[in-house]
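For reference, the structure discussed in these notes is given below.
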């Protein structure tokens, strides 16, 4: 199965998946960089990005898995989606963004249940679904902590 240049660009999170050290973190930072563009924190825009990247991430993720093996580090579109989910409705203040980023990265790495089960699914569905679940957890925890702080 061949990956074209556009699929490689999108699937690798704008080529962050090819960074040799911590590609998932760099993929998350790419998503965060997009979020930091003025107006991109708008939940409608984020939900469109989440939906679009989730839908295209499944077939692209399947291609990456076929080429590179199970849940390859080169595929970071899933980290982008998880990061955007985490940032939904977060006040655009630096400390809240940093908090959300740290919580997201921890949960993406730890893969709490049922993300750890979803990760075992084959192809792009497994690649995307575990990070969507971890993103929902990170979103929830971030909002709980922020509501306690403010």
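Readers should treat all values here as calculations from the given coordinates under stated rules, not as data from a laboratory. Every value quoted in this text rests on a predicted model; they were computed, and no experiment measured them. Glycine gets a Cβ as well: all are built from the backbone with ideal geometry, and neighbour counts include every protein chain shown.
Observations on the structure shown:
- Separation of alpha-carbon centers, the range 94-146 and the range 17-55, rounded to whole Å: 14
- Between residue 120 and residue 33, full extension at 0.36 nm per residue minus the direct alpha carbon distance yields a gain of 28.4 nm.
- Sequence ranges 89-100, 48-59, ranked by mean other-Cβ count within 10 angstrom, highest first: 48-59, 89-100
- Whole-Å semi-axes of the range 1-81's equivalent ellipsoid (Cα gyration tensor): 22, 14, 9
- Interatomic Cα distance distribution for the range 39-150, bins of 5 angstrom, percent: 2, 14, 22, 23, 19, 11, 6, 2, 1, 0
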